[in-house]
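To start, the structure under review is shown below, and the notes come after it.
The values are calculated or read from the model by the stated rules, or taken from the named source; none is laboratory data. This structure is a prediction, so every number in the text was calculated from the model and none was measured. Note: ideal-geometry Cβ built from the backbone for every residue, glycine included; neighbour counts use all protein chains shown. Accessible surface is based on the protein model in full, side chains and every heavy atom, while ligands, DNA and RNA are left aside. Shrake-Rupley method; radii C 1.70, N 1.55, O 1.52, S 1.80 Å.
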Amino acid sequence: MTYKIAVLAGDGIGPEIVTQARKVIDAVVEKFGHDFEYTEALVGAVAIDKVGNPYPDETHELCMNSDAVLFGSIGHPKFDNDPSAKVRPEQGLLAMRKKLGLYANLRPVNTFKSLIHKSPLKLELVDGADFMCIRELTSGMYFGRPQGRSEDGQTAYDTCVYTVEEIERIVRLGFEYAGKRRKKLTIVDKANVLATSRLWREVSQRIEPEFPEIEVEYMFVDNAAMQIITCPKRFDVMVTENMFGDILTDEASVIAGSMGMLPSASIGVHTSVFEPIHGSYPQATGKNIANPCATVLSAAMMFEYAFGMMKEGALIRKAVDMSLEAGVVTEDIADGKKAYSTSEVGDWLANFVKNI
Ligand code: IPM
Ligand code: MG
């Protein structure tokens with residue numbers, strides 16, 4: 001069988017890091033005798049520049065007809081600095097998530113043995129931290145309407161909306177993942193203030209008895225933000241709404257030591273998307289210095305989650321671990337030692353896979 005991979009490299013460092021992930025995927029595919037076919041498509045600022053739409057219909061068609069999507073990053077400073085821009089690259093990412101029905105974003109947070117000293121947190125706090133943040137991805141404030149400005153321009157508003165159905169499917173997924181792991185689920189909300197959070201709690205409490213083996217705790221998001229830093233090891237699976245998940249996972253990336261190490265899988269109704277959690281890092285664009293590991297590890301998640309190819313995923317993880325151990329790393333984690341370029345790290349990883 002030929003696996004069809006849609007490649008949406010996007011903006012900034014996207015093309016550079018996706019190229020490295022492809023090298024590693026190619027090495028794995030060759031080793032295990034699989035057949036992968038890539039098709040590239042436009043997304044983000046580059047798509048706005050070329051066709052005026054950050055998620056063109058052709059790109060959506062391709063994603064729908066593929067077995068998995070490998071995604072780089074989107075965003076461009078010219079839009080960040082222009083709040084009046086009518087079309088924004090981020091709308092492309094949001095449209096893709098919505099149209100593909102990717103309601104769950106799985107963001108594993110863990111440490112890497114040889115990187116642990118890079119975390120600004122105390123070693124004994126982070127050593128052994130290992131949890132999965134499940135972020136709701138197609139609703140909440142990101143998509144709630146109305147959103148906009150009053151006619152006189154003096155007021156702006158966003159709306160946070162959640163339906164019972166949306167909460168139920170993501171919370172259920174949280175319980176299921178907790179069942180596959182250490183059987184502890186933390187449901188993060190702000191139920192002391194927000195109506196949507198109170199609905200989350202109500203729905204979650206209704207589902208709870210279906211999973212008697214899971215230990216459930218409810219935690220306010222401000223407390224969760226503190227606990228991620230002060231005792232990250234207490235978490236096993238965390239499930240939360242879109243905006244909270246966005247913020248908490250950037251925060252959690254300090255546990256791993258660099259944003260450049262955190263992969264993610266977005267799953268739901270249609271084709272799954274595999275993307276690093278970091279953004280387009282405009283300052284590094286074209287410099288061949290960005291860390292490709294988050295994208296390479298997203299490729300590992302692609303093998304595991306989209307195709308059930310666990311050995312292939314494990315081999316990629318091993319390659320990343322070994323590169324860290326060998327000190328073949330980009331400048332964000334080089335710690336004053338020799339820093340390798342993006343492509344050198346990609347080559348090293350692909351060669352490791354080929355030669356093991
Ligand atoms: C992420 C990013 C996106 C988000 C941006 C680029 C719209 O920060 O995937 O976490 O907020 O979801
Ligand atoms: Mg984010």
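What to note about this one:
- Of the trypsin sites (Lys or Arg not before Pro) found in the stretch 240-341, those that fall in a DSSP loop while having at most 11 other beta-carbon atoms within 10 Å are 337, 338.
- For the stretch 228-356, the relative contact order is 19 percent, taking Cα pairs closer than 8 Å that sit 6 or more residues apart in sequence and dividing their mean separation by the residue count.
- Taking amide H atoms as placed 1.01 Å from N in the peptide plane, the amide H of residue 3 lies under 5 Å from those of 35, 36, 37, each 5 or more residues away in sequence or on another chain.
- Computed from backbone phi with θ = phi - 60° and the Karplus coefficients 6.51, -1.76 and 1.60, the 3J(HN,Hα) list for the stretch 159-168 is 10, 9, 10, 9, 9, 4, 4, 5, 5, 4 Hz; x is used for glycine and proline.
- The residues of the chain expose on average 43 square angstrom of accessible surface per residue, using a 1.4 Å probe on protein heavy atoms.
- Mean separation of Cα contacts under 8 Å, 6 or more apart, over the residue count of the stretch 120-256: relative contact order %: 39
- Taking amide hydrogens as placed 1.01 Å from N in the peptide plane, the amide H of residue 309 sits under 5 Å from those of 304, each at least 5 positions away in sequence or on another chain.
- Around the amide H of residue 133, modelled in the peptide plane, lie the amide H atoms of 107, 109, 238, all under 5 Å away and 5 or more residues distant in sequence or on another chain.
- When the trypsin sites (Lys or Arg not before Pro) in the stretch 1-101 are filtered for DSSP coil states and for at most 12 other beta-carbon atoms within 10 Å of their beta-carbon, the remaining sites are 86.
- For the stretch 170-186, backbone phi angles converted through the Karplus equation (6.51, -1.76, 1.60; θ = phi - 60°) give residue-by-residue couplings of 6, 5, 4, 4, x, 4, 5, 5, 4, x, 7, 10, 8, 6, 10, 10, 10 Hz, Gly and Pro being listed as x.
- Percentage relative contact order, the chain, counting C-alpha pairs under 8 Å, at least six apart: 23
- Computed over neighbours whose Cβ is under 13 Å from that of residue 181, the net charge equals -1, Lys and Arg +1, Asp and Glu -1.
- What you get for the chain, charging only the Cβ of Lys and Arg (+1) and of Asp and Glu (-1), is a dipole of about 500 debye around the Cα centre.
- Check: the stretch 120-256 dipole with +1 on Lys, Arg Cβ and -1 on Asp, Glu Cβ, in debye: 260
- Pairwise Lys count, the stretch 120-256 - Cα closer than 21 Å, eight or more residues apart or different chains: 4
- Filter on 23/311; 4/78; 50/78; 318/338 - keep pairs with C-alpha separation over 24 Å: 4/78
- Positive end of the dipole of the chain (Cβ unit charges, origin at the Cα centre): among 95, 39, 147, the Cα lying farthest that way belongs to 39.
- Taking other residues whose beta carbon is less than 12 angstrom from the beta carbon of residue 297, and scoring Lys, Arg as +1 and Asp, Glu as -1, yields 0.
- Of all accessible heavy-atom area on the chain, the percent that carbon and sulfur account for (1.4 Å): 52
- The stretch 331-348 - phi-based ³J(HN,Hα) in whole Hz, Karplus 6.51/-1.76/1.60, Gly and Pro as x: 5, 4, 10, 6, 6, x, 8, 4, 9, 9, 7, 3, 6, 5, 5, x, 4, 4
- Share, in percent, of DSSP beta bridges within the stretch 120-256 that are antiparallel, nearest 5: 10
- Beta bridges by DSSP in the chain, antiparallel share as percent, to the nearest 5: 35
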